[in-house]
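What follows is a set of notes on a single structure, which appears directly below.
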Amino acid sequence: MMKRFYILLFFFFYGYLCNAQQPTDDNDNQRVEVIKMAYISRELNLNSQEAQNFWPVYNNYQTEIKQAKNQYPDDEIKYEQKVVEIKQRYQGNFKKVLGNDGQRINKVYTTDKQFRDIIRNEYQNRLKQRQNFQQRPNSIRPRVRKPFF
């Protein structure tokens with residue numbers, strides 16, 4: 001039952017967020033957001049009611065984190081202090097949505113960090129692959145056929 005829920009949730013958000021007229025950067029960002037929603041939903045084991053209440057709170061939380069980064073772009077200490085304040089403030093909001101389970105509320109923050117680490121590692125791996133590909137001599141590179149028209 002839960003498996004179907006996550007599949008439906010994924011397709012709902014994927015269909016909702018995808019738009020054929022947008023540039024590829026926006027499409028990539030939207031894909032990452034959809035994957036992030038599915039990942040966090042799975043890790044937190046959100047049911048449909050919790051998910052409906054969780055995502056608006058989480059999106060507000062993310063918006064405040066981004067604003068803090070923009071507010072202190074060159075001062076890492078002030079930025080980190082602001083992030084701690086935001087996390088403490090949102091802890092009560094997440095408690096209302098997820099219940100009084102402290103481990104589950106803490107898992108919101110750890111899962112968010114885990115996802116960022118996964119994305120960062122994937123990005124670095126793709127950069128390495130691209131660099132390795134570009135460093136190979138032309139004779140080793142796969143041939144790309146050009147259209148004949």
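Pairs meeting the criteria (first residue in the range 95-124 and under 17 Å from E33 (Cα atoms), second residue of a type in the set (D, E) and surrounded by 11 or more Cβ atoms within 10 Å (Cβ to Cβ), beta carbons under 8 Å, at least 6 apart or on different chains) are T111/E43; Q114/E43. When residues in the range 95-149 are screened for being at pLDDT below 85 and among the hydroxyl-bearing types (S, T, Y), 1 of them pass.
Within the range 37-62, the set of residues being hydroxyl-bearing (S, T, Y), closer than 18 Å to K113 by Cβ and in contact (Cβ under 8 Å) with a residue 40 or more places away in the chain comprises Y39, Y58.
The values are calculated or read from the model by the stated rules, or taken from the named source; none is laboratory data. Please read all numbers here as calculations on a predicted model, not as lab measurements. We place every Cβ from the backbone using ideal geometry, glycine too, and count neighbours over all the protein chains shown.
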